[in-house]
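Here the structure is laid out as structure tokens; the discussion comes afterwards.
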Amino acid sequence: MNHYQEAKQHFIACHQHPINRGLHHLVNVIAIVGIVYLLFDWRVSVVCLILTQVLAIGGHLLFEKNKPAFLKYPGIVIIASMVWSFENWFGLKSLLKPQSTENRDV
């Protein structure tokens with residue numbers, strides 16, 4: 001397993017709580033907005049940067065009860081996070097997935 005694959009597996013393992021996963025998908029959307037706004041108003045980008053950190057760290061402290069994956073794999077986990085969000089349609093994939101009929105009350 002290469003370094004990127006290890007980082008991605010560690011990232012996924014650190015994000016098991018559904019609320020924390022949702023927060024991290026939101027963080028990735030805000031990060032993309034922040035990058036786009038670098039072209040227009042750098043102050044919006046700074047606000048986006050601060051907001052992403054507050055939401056991501058808050059998700060770990062309040063819901064996941066673990067350390068952010070960024071601490072073990074600085075830098076590359078940002079790419080792994082974005083790829084994870086794109087692969088999961090920024091959280092929409094789990095919302096649109098049909099529930100199995102076994103678990104529903106009839």
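The values are calculated or read from the model by the stated rules, or taken from the named source; none is laboratory data. As the structure is a computational prediction, the values presented were derived from the model and not from experiment. No Cβ is skipped: glycine too gets one built from the backbone with ideal geometry, and neighbour counts run over all protein chains shown.
Residues of the range 75-92 that are without any contact (Cβ under 8 Å) to a residue 40 or more places away in the chain and outside any helix (DSSP H, G or I): Gly75 alone. Out of contact with any His (no Cβ under 7 Å at 6 or more places or on another chain), part of a helix (DSSP H, G or I) and at pLDDT below 90, is that true of Leu95? Answer is yes for this residue. Of everything in the range 67-92, what is modelled with pLDDT under 80 and of a type in the set (A, V, I, L, M)? Give them in sequence order. Answer for the range 67-92, where residues must be modelled with pLDDT under 80 and of a type in the set (A, V, I, L, M): just Leu92. Given the criteria modelled with pLDDT under 95, surrounded by 11 or more Cβ atoms within 10 Å (Cβ to Cβ) and of a type in the set (Gly, Ala, Ser), does Ser100 qualify? For Ser100, the condition - modelled with pLDDT under 95, surrounded by 11 or more Cβ atoms within 10 Å (Cβ to Cβ) and of a type in the set (Gly, Ala, Ser) - is not met.
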